[in-house]
Every structure is written in C-alpha cells, then in structure tokens.
Amino acid sequence: MLTIRKATSGDVLDAWDIRRTSVLAACAEHYPKASLLAWVDGSPTDKWASVVERDFYVVVDEGLIVGTGMLTAASGQVDAIFVRPSHMGRGIGRKMLYSLEALARDHGVASMRLDATLNAAPFYRCCGWSGDSISTYRTSRGLELACVPMTKRVALP
C-alpha cells in the first residue's frame, strides 16, 4: 500500500538516490548523457538536505521510499517529482502530484507552476497542467537544460 508522508532528515539519501536513478532512467532519450550525469553528479549538500527536510514529501511502498515530490507553498512551485525506476509506471508520480496539488489548495495557492523535463511534459499535460513552450532550466550548479514551464490553476475550497 502506498502512503505519502512529509520527508525527514532520514530520507535525504534515499531522495538523492531516487533523483539520480530516475533522471538517468527517464531522461536518457531526451538529453545528452553528459548533461544528465552533470545534473545528478555528487552527493547531497547540507543546503539540499535542508530543502528535503523543509519541502519534500515521499511515497512509501512497504517500507521502501519509492518516490519524491516537493512543494514550495509560498510560491506554488512544484519540483523533484521523481520515482524509483523499479517502480515507474505504477501511478506513483500521479499520486504524488495530486497530493501536492491538494496540499497547495489547503495552503490557499491559486496557481501552481513547475519546470517539466522534456520527457515529463506529456505526463503533466495528462494531469491537467498547461504549457508547450521550451525554455531553459538552470540548476543550482549552473547547468542549463531544456524544459517546459507549466502551470495549473488550483480550485480553492
């Protein structure tokens, strides 16, 4: 049974590993391998760990963390929806996305936004997000990757 919970400091390494393996598995047909390796290289910094503790949520399946997602409620920004490659195609990303949308609604966020990787944009469109133009995403390390900026209106209660 899948459950979603707030991430803790104990989830930092799992979240980092899921991010790395998900990017390498899911983005391989859309980006040069060297760019992907540069994006996921290294180990988690203290700054990244604090973001995980503050803004991340994790999907747990029988005690194993299988997915992540992040919502910055103040800005309505969604990030870091990654699924462990062994668990891709099981609706885990969709479940996380809908959970983050509900959380945003609870926080009074009227409009959400995200930067989708080229491979993920069709998934987000199927989930009701809008956006077609290609832009450039700049990572915290200065790497530039093509992305699709997307938005979704949130129906407030």
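One table, with the values for the structure above:
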quantity	calculated
Criterion violated by Ile81 - all others in (1) part of a strand (DSSP E or B); (2) more than 28 Å from Ala38 (Cα to Cα); (3) under 13 Å from the mean Cα position of the chain (by Cα) satisfied	(2)
Residues of region 44-70 satisfying the condition of being of a type outside the set (A, V, I, L, M, F, W, C), assigned to a helix (DSSP H, G or I) and out of contact with any strand residue (DSSP E or B) (no Cβ under 8 Å at 6 or more places or on another chain)	Asp46, Lys47, Ser50, Glu53, Arg54
Members of region 84-106 that are charged (D, E, K, R) and either more than 19 Å from Leu24 (Cα to Cα) or part of a strand (DSSP E or B) (or both)	Arg94, Lys95, Glu101, Arg105, Asp106
Members of region 62-87 found to be surrounded by 16 or more Cβ atoms within 10 Å (Cβ to Cβ) and of a type in the set (A, V, I, L, M, F, W, C), listed by number	Ile65, Val66, Met70, Leu71, Val78, Ala80, Ile81, Phe82, Val83
Residue in region 2-11 that is in contact (Cβ under 8 Å) with a residue 60 or more places away in the chain and charged (D, E, K, R) present	no
Subset of region 24-43 (residues that are in contact with a Leu (Cβ under 9 Å, 6 or more places away or on another chain), part of a helix (DSSP H, G or I) and either without any contact (Cβ under 8 Å) to a residue 60 or more places away in the chain or among the hydrophobic types (A, V, I, L, M, F, W, C) (or both))	Leu24, Lys33, Leu36, Leu37, Ala38, Trp39, Val40
Among the candidates Ala116, Ala146, Ala120, residue that is touching a helix residue (DSSP H, G or I) at 6+ places or on another chain (Cβ under 6 Å), under 18 Å from Ser22 (Cα atoms) and touching a residue at least 12 places away in the same chain (Cβ under 8 Å)	Ala116
Residue check for Ala49: surrounded by 13 or more Cβ atoms within 10 Å (Cβ to Cβ), over 22 Å from Phe123 (Cα atoms), over 14 Å from the mean Cα position of the chain (by Cα) and touching a residue at least 60 places away in the same chain (Cβ under 8 Å)	no
Residue within region 1-8 that is in a helix (DSSP H, G or I), among the hydroxyl-bearing types (Ser, Thr, Tyr), out of contact with any strand residue (DSSP E or B) (no Cβ under 8 Å at 6 or more places or on another chain) and modelled with pLDDT of 95 or more present	no
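The values are calculated or read from the model by the stated rules, or taken from the named source; none is laboratory data. What you see is a predicted model, and the numbers here were worked out from it, not measured in a lab. Positions of Cβ are backbone-derived with ideal geometry, glycine not excepted, and every protein chain shown enters the neighbour counts.
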